[in-house]
Amino acid sequence: MKITPKRNDITIRYIDLFAGIGGFRYAMQDAAKEHDAIAECVFTSEIDKECQKVYKKNFGELPCGDITNISAESIPDHDILLAGFPCQPFSIIGHMKGFHDTRGTLFFDIVRILEEKMPTAFVLENVKLLVGHDKGKTLKTILEVLKDSGYHATYKVLNALDCGLPQKRERVFIVGFREPCFFSWPSDKIPMQPLSNILEKNVPEKYFASDHIRKKRLSKQEPTQEPTIWHENKSGNISAYPFSCALRAGASYNYLLVNGERRLTSREMLRLQGFPEEFQIISSYTQTRKQAGNSLPVPVAKAVIKNTIEASGLLPAVYLYKTDKLIVDGQLRLFEKERKYGEISETPNSRKIQTTLSAQ
Ligand SMILES: C[S@@+](CC[C@H](N)C(=O)[O-])C[C@H]1O[C@@H](n2cnc3c(N)ncnc32)[C@H](O)[C@@H]1O
């Protein structure tokens, strides 16, 4: 049973770092709505001028620029920090010894804001590669630094295909809380929408690849009856799937071809990331392709944020939670059944769990 008190007078304040074109913002708005809460964005930062313009057009606010030039004290208080930070620091971060050592990386900027503003929770997003990078050392350092900054953090790789989008896009999400709490990763799989829902009709000629490219594709792959997206891998092999492989900001123009013959339109790329139809496209095709490739699958982020809000204690405690996992000092522990927030655990590990509950 789930008691849902009227909660639409609750406002969750959040910040949107490395905001791009606002994928996280849509996700936050949708997630808050599902809890009958209001999401209020109190600060955004994005360095790219074209993304800033798109963000302003769609959300009415011009993001601040380079985060490295913004003092943490000047950022308004908030409940949740969101950041899809660039992979730039990867190559160096794994060998660093702690927070101060990460100076000069964009991850450092996230941590200095967390330390100053101490939001209740954060959600970070990055490429799956982060998990295995430098034999896991990079992610280990990231989690240690977050722990030293006072957060109980955990991570998981999630796939957009499991959230209903016809795009295979695996991304790592890192979620953290100031207080230990119940948190479960989204586990419900939403059936994938068919590609036909995404594809536009009467696509202009300019999107079609040259005869030479089309013949080359057909020499390596049979035509398909159902719509498919043809993907060219690094070795030049072609595969056709009823979904798209991950959109990439810097990929060649022929990396993904609908039915082996045409490029995805700007609207199709945004649909593949779960952006709503009302999103206004104002950039050139090349810029939108980069923006969509850099963005995140909105429904995946929404599912993660929804569970983060649930676990964070930002909602009234009368709410009943169906959780199966608990973070205790960054470790996940299994729960056996639906439990009320604050109830004493019946699991064997009750000593640790009671410690956790008394901390709330
Ligand atoms: C992986 S993308 C995140 C996209 C975003 N989550 C979205 O849904 O569109 C990273 C973004 O960080 C921005 N960025 C890079 N360095 C930055 C900096 N120093 N300050 C602010 N933004 C920065 C990039 O321009 C890029 O748009």
Return the pairs, sorted by first residue and then second, in which the second residue is near the ligand (Cβ under 8 Å from one of its atoms), the first residue lies in the range 62-86 and is on the phi > 0 side of the Ramachandran plot, the beta carbons are less than 7 Å apart, and the residues are 6+ apart or on different chains.
none
Going through Arg289, Arg263, Arg267 one at a time, which residue ends up being in contact (Cβ under 8 Å) with a residue 60 or more places away in the chain, basic (Lys, Arg) and either surrounded by fewer than 17 Cβ atoms within 10 Å (Cβ to Cβ) or on the phi < 0 side of the Ramachandran plot (or both)?
Arg267
Would you check which residues across the range 38-62 are of a type outside the set (A, V, I, L, M), in a loop (DSSP other than H, G, I, E, B) and within 8 Å of the ligand (Cβ to nearest atom) and list them?
Glu46, Asp48
I want to confirm something. Restricting to the range 195-239 and keeping residues that are of a type in the set (A, V, I, L, M, F, W, C) and in contact with a Gly (Cβ under 7 Å, 6 or more places away or on another chain), which single residue is nearest to Gln167 (Cα to Cα)?
Trp230
Restricting to the range 1-34, count the residues that are under 24 Å from Leu114 (Cα atoms) and either more than 16 Å from the ligand (Cβ to nearest atom) or at pLDDT below 95 (or both).
5
Qualifying positions in the range 197-219 - surrounded by 14 or more Cβ atoms within 10 Å (Cβ to Cβ) and without any contact (Cβ under 8 Å) to a residue 24 or more places away in the chain:
Lys216
Looking only at the range 4-37, how many residues end up being farther than 17 Å from Val175 by Cα and part of a loop (DSSP other than H, G, I, E, B)?
14
With a cut-off of at least 1 residues that are in contact with a Cys (Cβ under 6 Å, 6 or more places away or on another chain), name the strands (runs of 3 or more DSSP E) lying wholly within the range 228-286.
229-232
Residues of the range 63-74 satisfying the condition of being within 14 Å of the ligand (Cβ to nearest atom) and either in a helix (DSSP H, G or I) or crowded, with 20+ Cβ neighbours inside 10 Å (or both):
Pro63, Ile67, Thr68, Asn69, Ala72
Residue satisfying condition, being within 16 Å of the ligand (Cβ to nearest atom), modelled with pLDDT of 95 or more and under 20 Å from the mean Cα position of the chain (by Cα), within set Leu124, Leu129, Leu106:
Leu124
Which of the residues belonging to the range 268-311 are aromatic (Phe, Trp, Tyr) and either under 23 Å from Asp79 (Cβ atoms) or within 14 Å of the ligand (Cβ to nearest atom) (or both)?
Phe275, Phe279
Can you name the residue in the range 105-139 that is touching a helix residue (DSSP H, G or I) at 6+ places or on another chain (Cβ under 8 Å) and part of a loop (DSSP other than H, G, I, E, B) and, of all such residues, is nearest to Asp77 (Cα to Cα)?
Thr120
Hey, among the residues in the range 164-200 that are assigned to a loop (DSSP other than H, G, I, E, B), charged (D, E, K, R) and at pLDDT 95 or above, which one's nearest to the chain's Cα centre (by Cα)?
Arg169
Would you say Phe85 is of a type outside the set (Gly, Ala, Ser), at pLDDT below 95 and assigned to a loop (DSSP other than H, G, I, E, B)?
yes
Give the residues of the range 14-65 that are within 17 Å of the chain's Cα centre (by Cα) and aliphatic (A, V, I, L, M), sorted by residue number.
Ile15, Leu17, Ala19, Ile21, Ala27, Met28, Ala31, Ala32, Ala39
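The values are calculated or read from the model by the stated rules, or taken from the named source; none is laboratory data. The structure presented is a predicted model; accordingly, all values stated were derived computationally and were not measured. Cβ coordinates were reconstructed from backbone atoms using ideal geometry, including for glycine residues, and neighbour counts include every protein chain displayed.
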